[in-house]
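In what follows, a structure is listed as structure tokens, so that the remarks can point back to it.
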Amino acid sequence: MIIEKPNGKRYLKIGDYRFSYHKTLRDGRVRWKCSSSRQSCKVYVITDGDDIVSMVHEHTHSPAVHRTKKNVKQATKNNKKIFSE
Ligand SMILES: [Zn+2]
């Protein structure tokens, strides 16, 4: 699923993994790389329109490493605190 952020940047979501836009290939297909490439994760995905054409390599990490997920948890915690006071 390709998601467009309010700032115009796109990312690809497959399950709990996120991929950031890498480049558009000459034939118009789009290449995405795992947004956790910092963890030496080499996974990349090729899409054609909304279709996933191929996914290469395997993730070296669990999807939980994404910072955004932690932020959501933290926010939920804070909200609970506010409501209980
Ligand atoms: Zn990965």
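The values are calculated or read from the model by the stated rules, or taken from the named source; none is laboratory data. In this text the structure is predicted, and so the values were computed from the model without any measurement. Positions of Cβ are generated from backbone atoms using ideal geometry, with glycine treated the same way; all protein chains shown enter the neighbour counts.
The table for this structure:
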{"quantity": "Residues that are assigned to a loop (DSSP other than H, G, I, E, B) and touching an Asp or Glu at 6+ places or on another chain (Cβ under 9 Å), drawn from the range 1-35", "calculated": "1, 27, 28, 29"}
{"quantity": "Of residues in the range 36-49 being at pLDDT below 90 and either assigned to a loop (DSSP other than H, G, I, E, B) or not hydroxyl-bearing (Ser, Thr, Tyr) (or both), the one nearest to residue 9 (Cα to Cα)", "calculated": "36"}
{"quantity": "Every pair of residues 6+ apart whose Cβ atoms lie under 7 Å, when the first sits in the range 13-36 and is within 14 Å of the ligand (Cβ to nearest atom) while the second is in a loop (DSSP other than H, G, I, E, B) and hydrophobic (A, V, I, L, M, F, W, C)", "calculated": "13/1; 34/41; 34/43"}
